[in-house]
Every structure is written in structure tokens, then in C-alpha cells.
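> I'd like to ask some things about the structure below.
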Amino acid sequence: MARAVVVYRSHSGVTRRYGEQIAAFLAGQGIAAQVVSVGECDMSTLASADYLLLGCWTSGLFVVRQHPDEPWLAFVRDMPALGTAAAPGPKIALFTTYKLRTGSQFGRMRAALAGKTAAPQLELKSRNGRLSPTDEKALARFLV
């Protein structure tokens with residue numbers, strides 16, 4: 001059975017809820033999905049995952065200078081490099097929750113992951129922490 005790890009950093013619980021909904025969708029697709037916060041993640045579980053979904057709430061000003069917060073960035077700095085040319089590692093997806101817009105959030109998340117993982121193949125975003133039908137379709141394509 002394929003395995004996914006959904007790692008999130010949440011400020012008010014919205015990003016946690018979004019991560020849980022993502023994991024529930026994955027489980028419905030026959031994937032064993034584990035949801036864990038950045039503070040509770042056992043780094044050794046990441047290397048054996050088939051899918052790694054990393055999420056953080058959008059910090060910064062409401063309309064400019066969006067970025068992942070420091071605990072998420074610290075998690076990524078401490079994360080081992082996943083994959084090599086011979087063994088590519090898990091497929092990577094990013095997700096975020098936001099108030100008005102995501103702005104530079106995904107670009108900054110990708111930059112933080114550079115050299116640690118393969119390039120993310122999916123970016124999901126939600127204002128309310130709910131998985132939309134569009135999100136579900138994107139996740140289904142990501143799993144192929």
C-alpha cells in the first residue's frame with residue numbers, strides 16, 4: 001500500500017484541518033496517510049513515504065510579503081534530503097491556507113525546499129481549510 005505523510009504548521013487550526021481533509025481524501029484513494037504537525041514529525045518517516053505533502057499557513061501582511069512562518073522553515077532546514085538520482089524519493093506537494101491571497105507563499109516554500117526534495121508537483125490553497133472538488137481533482141492527478 002502506498003504511504004503519504006501530510007506535515008503541517010497551523011496558526012489557528014485551519015491549516016491542520018485542511019491537512020486532515022487532504023489525508024482523508026488520500027485514504028479514500030487507498031493510500032495510508034499520516035497527518036502530523038512540524039513539531040511532532042519523526043523525520044525518519046519521511047524517507048519511506050511515497051507522497052509528502054507539506055503545508056503552512058500564509059504569514060505576512062494581508063496582501064504583500066507572504067511567507068511560511070519560522071517553525072515551518074526550521075522544520076525544512078532540519079529535514080533530511082529526500083531522494084537521489086537513483087532513488088527519487090517521495091512525490092512532493094505543497095498546501096497553504098490564507099486570508100486574502102497567497103502571494104509569494106509558494107515561491108518561498110519552494111525556495112526553502114531547494115536541495116532537500118524533488119520539485120513540488122502540486123500546490124493547493126484554501127481560505128477556509130476545506131478541500132474543494134477542484135482540490136480533489138488535482139490530488140487525484142497528483143497520485144497518478
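The values are calculated or read from the model by the stated rules, or taken from the named source; none is laboratory data. Remember, it's a predicted structure, so these values are computed and weren't measured experimentally. Cβ atoms come from the backbone with ideal geometry, glycine included; neighbour counts cover every protein chain shown.
> Pull up the stretch 13-46, narrow it to residues that are modelled with pLDDT of 95 or more and hydroxyl-bearing (Ser, Thr, Tyr), then point me to the one that is farthest from LEU139 (Cα to Cα).
Among residues in the stretch 13-46 that are modelled with pLDDT of 95 or more and hydroxyl-bearing (Ser, Thr, Tyr), the one farthest from LEU139 (Cα to Cα) is SER37.
So that you can scan it fast, the table gives a plain yes or no per residue for (1) of a type in the set (A, V, I, L, M); (2) in contact with a Lys or Arg (Cβ under 7 Å, 6 or more places away or on another chain):
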{"position": "ALA93", "(1), (2)": "yes, no"}
{"position": "PHE106", "(1), (2)": "no, no"}
{"position": "LYS125", "(1), (2)": "no, no"}
{"position": "GLY129", "(1), (2)": "no, yes"}
{"position": "LYS137", "(1), (2)": "no, no"}
{"position": "ARG141", "(1), (2)": "no, no"}
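> Moving to a separate point now. Looking for something free of Cβ contacts under 8 Å to residues at least 24 places away in the same chain and among the charged types (D, E, K, R) - is there at least one such residue anywhere in the stretch 104-118?
Yes, some residue in the stretch 104-118 is free of Cβ contacts under 8 Å to residues at least 24 places away in the same chain and among the charged types (D, E, K, R).
> If you don't mind, there's one more thing I want to ask. Taking the stated definitions as given, is ALA49 at pLDDT 95 or above, touching a strand residue (DSSP E or B) at 6+ places or on another chain (Cβ under 6 Å) and of a type in the set (Gly, Ala, Ser)?
Criteria met by ALA49.
> Just name the residue that is nearest to the chain's Cα centre (by Cα) out of those in the stretch 1-25 that are assigned to a loop (DSSP other than H, G, I, E, B) and more than 20 Å from LYS125 (Cβ to Cβ).
Among those residues, the one meeting the criterion is ALA2.
> Same structure again: Restrict the check to the stretch 53-62 and report whether at least one residue is under 18 Å from ALA33 (Cβ atoms), surrounded by 14 or more Cβ atoms within 10 Å (Cβ to Cβ) and aromatic (Phe, Trp, Tyr).
Looking for residues that are under 18 Å from ALA33 (Cβ atoms), surrounded by 14 or more Cβ atoms within 10 Å (Cβ to Cβ) and aromatic (Phe, Trp, Tyr), one finds none in the stretch 53-62, hence no.
> Right, next: Restricting attention to the stretch 26-39, and to residues there that are more than 15 Å from the chain's Cα centre (by Cα) and either part of a loop (DSSP other than H, G, I, E, B) or among the basic types (Lys, Arg) (or both), which single residue is surrounded by the fewest Cβ atoms within 10 Å (Cβ to Cβ)?
Filtering the stretch 26-39 for residues that are more than 15 Å from the chain's Cα centre (by Cα) and either part of a loop (DSSP other than H, G, I, E, B) or among the basic types (Lys, Arg) (or both), the one surrounded by the fewest Cβ atoms within 10 Å (Cβ to Cβ) comes out as GLY30.
> Is there a residue in the stretch 73-88 that is touching a residue at least 60 places away in the same chain (Cβ under 8 Å), part of a helix (DSSP H, G or I) and either within 14 Å of the chain's Cα centre (by Cα) or surrounded by fewer than 17 Cβ atoms within 10 Å (Cβ to Cβ) (or both)?
yes
> Residue by residue through the stretch 118-144, note down the ones that are over 17 Å from CYS56 (Cα atoms), polar (S, T, N, Q) and assigned to a loop (DSSP other than H, G, I, E, B).
If the condition is that a residue be over 17 Å from CYS56 (Cα atoms), polar (S, T, N, Q) and assigned to a loop (DSSP other than H, G, I, E, B), then SER132 is the only one that fits.
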